[in-house]
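The values are calculated or read from the model by the stated rules, or taken from the named source; none is laboratory data. None of the values given here were measured: they were computed from a predicted structure. Don't worry about glycine lacking a Cβ; one is built from the backbone with ideal geometry, like all the others, and counts go over all protein chains shown.
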Amino acid sequence: MAFKNLMNGLPGNMNEVSVDQFQTEYGPYLMDGETITIGFKLVRDVVLFTDKRIVSSDKQGTTGQKMRVTSIKLSTIIDVTAETAGFGVDDSEITVTFIITPYLHANTLQEDSKKFEFPKKYNIQPLYKMLEELSHTNFERINNI
């Protein structure tokens, strides 16, 4: 997927950091052959889009030495919602729902959701559209439609 092309031209309200810089810090958390396409930094939190998943890290504590890293496989995303910022101090957000059951064709699927918050002025519509198209494709693939 061309996340880089998708993100070109969006307002620079989120701090986009160079792939090389992220590669240095987060390379050890990537799978062999996985490529970072684009990444964003919000204070101490990071969201990376790779060719296989969305990786997020949350640095904790006063020194930021402790870090929680989580990922969402792109192939498991089944739903996406967006909430744009209103008046006041509200941020925009995108919530991704994904399957956590190891087998996508299990009788009982388990799912989880992750919310990503964006600054008020950040245009989330292109990112929402891309993720929604991905979730639709995954839905059709999982259900053999």
Open item on the list: Can you pull out every residue in segment 75-89 that is over 21 Å from Lys41 (Cβ atoms) and not in a strand (DSSP E or B)?
Closed with: Ser75, Thr76, Thr84, Gly86, Phe87, Gly88
Open item on the list: Checking the conditions here, which among Asn144, Asn138 is over 17 Å from Leu42 (Cβ atoms), at pLDDT 85 or above and in a loop (DSSP other than H, G, I, E, B)?
Closed with: Asn144
- [ ] All but one of (1) aliphatic (A, V, I, L, M); (2) closer than 19 Å to Asp45 by Cα; (3) over 13 Å from the mean Cα position of the chain (by Cα) hold for Leu109, so report the exception by its number.
- [x] (2)
TODO: Quick one: in segment 11-68, of everything that is of a type in the set (Asp, Glu) and at pLDDT below 90, which residue is surrounded by the most Cβ atoms within 10 Å (Cβ to Cβ)?
DONE: Asp45
- [ ] Any residue in segment 69-83 that's within 24 Å of Asn143 (Cβ to Cβ): show its pairings with residues that are part of a helix (DSSP H, G or I) and of a type in the set (A, V, I, L, M) at Cβ separation under 6 Å, as long as the two are six or more apart or on different chains.
- [x] Ile77/Leu134; Val80/Leu131
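Yes or no: segment 37-49 includes at least one residue that is at positive phi, outside any strand (DSSP E or B) and not charged (D, E, K, R). Spell out the reasoning first.
We begin by selecting, within segment 37-49, every residue at positive phi; these are 43.
Now restrict to residues that are outside any strand (DSSP E or B): 43.
Now narrow it down to the ones that are not charged (D, E, K, R): 43.
Yes, segment 37-49 has at least one match.
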Open item on the list: Among the residues of segment 91-98, are any in contact with a Pro (Cβ under 9 Å, 6 or more places away or on another chain), closer than 25 Å to Thr37 by Cβ, in contact (Cβ under 8 Å) with a residue 12 or more places away in the chain and assigned to a loop (DSSP other than H, G, I, E, B)?
Closed with: yes
TODO: Go through segment 70-100 and give me each residue that's surrounded by 14 or more Cβ atoms within 10 Å (Cβ to Cβ) and at pLDDT below 90.
DONE: Thr84, Ala85, Asp91, Ser92, Glu93
